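Contents: one structure, followed by commentary.
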Amino acid sequence: MGFSVPKTERIHWRTRREKDAASPAPIHLDGSIFHPKSQLRWLRLWFTPSLATTPHITKRLAKAQATFVAITRLSPPGLGLPPYLCHRLAVSLLFPVLSYGGDILHPTVHITRELAVFWYKVQRWCTNCFACTPTDILAIEACLPPLNLLLAYQRPLANLQVLCSPPEINPATARLAPSVPDGVTPSWYLRLGHTCRGEQGY
């Protein structure tokens, strides 16, 4: 197994107990100099030395907003696509862009509010409701659950994918403890899916 030296990046991982400043000294590898970075991108996830989730989620929100602007230009409210196609675009395009990494990275309270405000805009676009429409009604009219319920449904789904994947294909599954059952859908996951669909009448 090898790796490309020019693509190498360096970052200091810090814990909450480590109060001393990280060394800014660079490292030399095959004639190249690598300085420590404040943010590092790996598998489309953004990491910081303190493992804060805000930089990654903020970038995903900005991408989702840019995608939403492009879609609304093609189909402004009241014109263009019918509501069911708007709903399909929201589920298949906007939500995956917005929620990438949400199964392992949890947003802070402030970022959660920003995500919710953006999701309200998506719901209004799907239903062509007025700006003064109560947000509780938007979720029902657009057939789009609140974002916190969708994220709560996504996290155990990712865990279930690890549990049910073949160990020879998924390295994370191969590292599970022998006592963990494989290929079995937990009852708590079925109850969670029923709650996410039933709380808002979907």
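Just so you know, all these numbers are worked out from the coordinates, no wet-lab data involved. Worth saying up front: this structure is predicted, and the values here are computed from it rather than measured. Neighbour counts are summed over all protein chains in view; Cβ atoms, including those assigned to glycine, are modelled from backbone coordinates with ideal geometry.
Brief remarks on what is shown
- q = 0.12, 0.16, 0.24 Å⁻¹, region 53-144: log10 I(q)/I(0) [Debye, one scatterer per Cα]: -0.36, -0.64, -1.26
- P(r) of the chain over all Cα-Cα pairs, binned every 10 Å from zero, in whole percent: 7, 24, 28, 23, 13, 4, 0
- Only Lys, Arg (+1) and Asp, Glu (-1) charged, at Cβ; region 1-49 dipole about Cα centre in debye: 280 debye
- Put a plus charge on the Cβ of each Lys and Arg, a minus charge on the Cβ of each Asp and Glu, and nothing anywhere else: the dipole of region 71-185 about its Cα centre is then about 300 debye.
- Annotation: the residues 13, 42, 119, sorted from fewest to most other C-beta atoms within 10 Å of their own C-beta, follow the order 42, 13, 119.
- Span-like helix ranges in the chain, DSSP H, alpha carbon extent 24 angstrom or more, Kyte mean at least 0.5: 147-164
- Three-way shape label, region 1-49, alpha-carbon gyration tensor, a/c 1.5: oblate
- Potential lengthening between residue 117 and residue 42 on full extension [0.36 nm per residue; Cα-Cα distance subtracted]: 24.2 nm
- Only the Cβ atoms of Lys and Arg (+1) and of Asp and Glu (-1) were treated as charged; on that basis the dipole of region 47-117 about its Cα centre amounts to roughly 140 debye.
- A helix-only calculation puts the chain at -14500 deg cm²/dmol for mean residue ellipticity at 222 nm, using -39500 (n - 2.57) for each DSSP H run of at least four residues, averaged over all residues.
- Separation of alpha-carbon centers, region 101-155 and region 5-63, rounded to whole Å: 30 Å
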